[in-house]
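Have a look at the structure below before the remarks.
The values are calculated or read from the model by the stated rules, or taken from the named source; none is laboratory data. The structure presented is a predicted model; accordingly, all values stated were derived computationally and were not measured. Cβ coordinates were reconstructed from backbone atoms using ideal geometry, including for glycine residues, and neighbour counts include every protein chain displayed. The accessibility values were calculated without ligands, DNA or RNA, using every heavy atom of the protein model including side chains. Shrake-Rupley method; radii C 1.70, N 1.55, O 1.52, S 1.80 Å.
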Amino acid sequence: MSGIEINSVLTENRLFEPSAEFVAKARLKPDDLKALKQRAEEDYEGFWADQAREHIDWQTPFTRTLDDSNAPHFKWFSDGRMNVSYNCIDRHLEKNADKTAIIFEGEPGDTRHISYQQLHDQVCQFANALRAKGVNKGDRVVIYMPMVPEAVIAMQACARIGAIHSVVFGGFSADSLRDRIDDARAVMLITADGGTRGGKTVDLKEAADKAMSKGCESIQNVIVLKRSAHDITMQEGRDHWWSDVVDGMDSHCEPEWVNAEDPLFLLYTSGSTGKPKGIQHSSAGYLLNAIVTNLWVFDLNDDDIFWCTADVGWITGHTYVAYGPLAAGSTIVMFEGAPVIPDAGRFWKMCEQHKVTIFYTAPTAIRALMKFGDEYPNRYDLSSIRLLGTVGEPINPEAWMWYHTVIGKERCPIVDTWWQTETGAHVLSPVPGVTVTKPGSCTFALPGMDVDIVNEEGESITEANTGGYLVIRKPWPSMVRTVWGDDQRYIDTYFPKFGGRYYLAGDSARRDEDGYFWIMGRIDDVLNVSGHRLGTMEIESALVSHKAVVEAAVVGRPHDVKGEAIVAFIICQNERPVGEEAEKMVAELRNWVGEQIGAIAKPDDIRFADGLPKTRSGKIMRRLLRTIAAGEEITSDISTLENEAVVAQLQGET
Ligand code: WTA
C-alpha cells in the first residue's frame, strides 16, 4: 500500500444509545440536530451568522459574515464589535447576579463559591489595576498561575480591556516561560508566590524570576498573587502583590469594545519540532464556537454544575473552563490539586460533594484512576452526574467501558470530543441526546463543521475503514487565525497540501461502514511494517485491553527488512515485571496482540516501566520514545518531563 492510506485493524461493534430519560430532557433532539446540519449545508455563512446573532451580545452588529479575500487568513463577523468578558459575565447579571459562577476547591480541601456579581466585581477591579499599570488594548500579558479562580479572573480582565493573554501552564520550566514571554514580547506577567499540587509547592515566582534573569526584557510589571506561605523575593518597582494593586480599585470597568477579529489570546503549543507556536485566536469567532459546543455537546442548562478537569494552561481550560461555560451562564468547578490526593477517590468525592452534573476529563486520567480499582468511585454517590466527556487522545474501549459502567452507571452518555488548540472548540463529537456511540469513536462532525478524510491527492476516501488525512474543508469561526508573528508558518503548518484548500489537522483517521470517525493517531506516528501502514493507537488499544496492562505506547524503529519494527512500552497493573517474569509477559502480550489484531501487529520489542514519558499536558512524548527505541542518544531537553526517572527504565538501564 502506498500514500497515506492506512490499514485499519481494529473493530469495535458495541453500540450505546442515549437513555430515554436523557433524550427527553436534552437540548438537541434528533430533529433539532438535523435541522442545524441542514441549515449549515444549505447556507453555510447564513448558518454561522444566525448562531452569532443568537448567542453573542454585540455592541455593534456585524454585516459581513465570512471574509475569505485573504485566505487562508479568514475573518469572521469582521465589522462587528463586542467584548468577550461582557458576554461571559455582565449579560447574566440582570437575572443571575447571585448565581454561583465558580466553585473552587484547593488541594487541602478549602472551598470558595464565587457568584456572577462577585466575579464581575473582581474582574473589573483587576482590569482597572491592569489599566493603571499601563496595560493597553493589544498588549500581551502572560499568565503563569496555579489552577485558582484568580487565573480565570486575570484572563477575563485581559479580555475586558482588550489585552491579549497568553497563559503558560504552571508546570512549565523557567526556560519555557522565558521563550513564550520573549516570543510574545509581553509587557506584564501575572503569577503567584506558589501553588500546591501533589502535596508539594510549585515555585512559580522563583521560576518566573529565573526566566526574567535570562531575558524577558519586555516585561514592565509583575503581579503576584499570594497563595502559599512560600518565601519569595519581590523586586522593588517591578513586582506588586495582587492584593495591593486591586486595593481601592473601582468595581466598575467599562469594557473595551473590540473588533470581532481582534486577538483574544495566544496559546503556545510545543509541537514536535522547532520553537513553540503562538496559536492566535480571535474574539467573537472563538467565543461563538465555545458557546455553541457547550450547548450542543455538553447540553449545558441553567442548573448544571460543570466540571472540566483541565488546567487553564491548555486550550481545554480556556474553552471549557474560563470562557464557554461562563458565556453560557453555567456554574463551573475548579480544582487546584492532583486527582490522587489524598487518595484516588478525590475526583469522585468532589463530584458527590459539589453535585457535579457534567464531568469532562482526559483518557489518561481515566486510565490512571481505573488502575486503583472500582472501590474508590463506589464509595461515593455519583447520581448527580448525567453526562461524561473525554478529550485529548483516543480513548481505548476498555477505559471507555469502565467510565461508562463504573462512573456513569450505564446511565450517562459519553461524549468523546476530538478537537485541537488550533480548532478552538469541539469539531467531531457525539451530540449526547442523539448520537448512538461506539467506544473509542468520536463519531461525527458537529453542525457547521465540514470534516473529511482524504488521500494524498486530496480526494475524499469513501472506502470504509481506510485511513487518511483528517481535514476540515471550510473555515469555521473559532479556527486559529495565524501563528503569532509568523504568517508563513501558519500556512506551511496548516495548509501545506491540496493547493491550500483544506485545513490539515495532522491526524490520521478513518470512517467505518456506518460513517463513524475513528482517530488513528498523528500522521507522523503511522508505522510502516512490511508495507502495511498501521496506526499506533490501534496497537496500543489492543495492548491495554489485556488485563495486566494499564498503559501502552507504541513506536516504530527502523528495520532492515520490514521497514519498521514495532516497539511497545508498557506500564503494568502490578509491579513492573523483571527477568523471567518479564520474558513470560512479553510472550503473552505478543500472542495477545496477534489474537486481537493479527500477526502483523505483534510488537518486536516490549519494554516495561513504571511510567511513560509525558509532557505536562499528559501527552506521550513519542519523539523521545522513538529515540529510545532506536537506541540513539537523547539530545532533546527532557527537563520538563513529568517523570524524568522512567527514561532510564525505558532505555533498559535499570
Ligand atoms: C489529539 C486538545 C483522539 C489529536 C483539545 C489532536 C484526540 C490533538 C482527541 C490536539 C480525541 C484530541 N480522540 N485524539 N477525542 N482529542 N486528540 O492541541 O491528536 O492539546 O490533534 O488539543 O490531540 O491536542 P491539543
Fill in: the range 216-258 and the range 475-522: distance between their alpha carbon centers, rounded to Å
38 Å
Discussion item. Greater than 30 Å separation of Cα atoms is the criterion. Which listed pairs, Lys200/Lys547; Lys137/Lys497; Lys371/Lys474; Lys214/Lys619, meet it?
Written reply: Lys200/Lys547; Lys137/Lys497; Lys371/Lys474
Discussion item. With just the Cα atoms defining each centre, how far is the range 425-448 from the range 571-618? Give it in Å.
Written reply: 31 Å
Worksheet item: For the range 110-158, what is the relative contact order in percent, using Cα pairs closer than 8 Å and at least 6 residues apart in sequence?
Response: 52 percent
Fill in: Amide H contacts of Asp239 (H built 1.01 Å from N, under 5 Å, at least 5 apart or other chain)
Val222
Discussion item. If you count only protein heavy atoms with a 1.4 Å probe, what accessible area per residue comes out for the chain, rounded to a whole Å²?
Written reply: 38 Å²
Worksheet item: For the chain, what is the mean residue ellipticity at 222 nm derived from helices alone (per DSSP H run of n ≥ 4: -39500 (n - 2.57); sum divided by total residues; nearest 500 deg cm²/dmol)?
Response: -8000 deg cm²/dmol
Worksheet item: Roughly how many Å² of Asp507 are accessible to a 1.4 Å probe, to the nearest 10?
Response: 10 Å²
Fill in: Contact order normalised by residue count of the chain, Cα under 8 Å, 6+ apart, percent
14 percent
Worksheet item: What is the distance, in nm, between label points placed 7 Å from the Cα along the Cα-to-Cβ direction at Lys99 and at Lys210?
Response: 4.4 nm
Discussion item. Only four residue types carry charge here, +1 at the Cβ of Lys and Arg and -1 at the Cβ of Asp and Glu. Report the dipole size of the chain about the Cα centre in Debye, rounded to the nearest 20.
Written reply: 320 debye
Discussion item. Can you tell me the length gained on complete extension of the stretch Asn70 to Asn591, counting 0.36 nm per residue apart and subtracting the Cα distance?
Written reply: 182.1 nm
Worksheet, complete the sentence: Debye calc, one equal point scatterer per Cα of the chain, no solvent, log10 I(q)/I(0) at q = 0.10 1/Å comes to -0.93
Worksheet, complete the sentence: Glu583 and Asp604 label points (each 7 Å along its Cα→Cβ direction) are spaced in nm at 2.1 nm
Worksheet, complete the sentence: Gyration tensor on Cα atoms of the range 450-585, a ≥ b ≥ c root eigenvalues, a/c under 1.5 rounded, else prolate if a/b beats b/c, else oblate, says prolate
Worksheet item: Given the Cα-Cα distance of Asp250 and Ala229 and 0.36 nm per residue of separation, how much length would full extension add, in nm?
Response: 4.7 nm
Worksheet entry | Whole-Å distance, taken between Cα centres, linking the range 302-368 and the range 146-197 | 20 Å
Worksheet item: Between the DSSP loop rule and a limit of at most 12 other Cβ atoms within 10 Å, which GluC sites (Glu not before Pro) in the range 170-249 are left?
Response: Glu217, Glu236
Item to complete: Averaging sequence separations of C-alpha pairs under 8 Å and six or more residues apart, then dividing by the length of the range 141-211, give the relative contact order as a whole percent.
Response: 39 percent
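Can you tell me how the range 526-652 classifies by the Cα gyration tensor, rounded, prolate or oblate, using a/c under 1.5 as the rounded cut?
oblate
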Discussion item. Net charge around Thr357, counting only other residues with Cβ within less than 10 Å of its Cβ (Lys, Arg = +1; Asp, Glu = -1)?
Written reply: -1
Worksheet item: What is the calculated FRET efficiency for Leu15 to Asn528, with r their C-beta to C-beta distance and R₀ = 30 Å, to the nearest 0.05?
Response: 0.40
Response to the item:
Heavy-atom accessible area of the chain with neighbours in place, 1.4 angstrom probe: carbon+sulfur share in percent works out to 45 percent
Worksheet, complete the sentence: To the nearest 0.05, the calculated FRET efficiency linking Thr405 and Asp31 through their beta-carbon distance, R0 being 22 Å, is 0.15
Item to complete: Enumerate cysteines in the chain without a disulfide-compatible partner, where compatibility requires another Cys Cβ under 4.7 angstrom.
Response: Cys88, Cys158, Cys216, Cys308, Cys351, Cys412, Cys442, Cys572
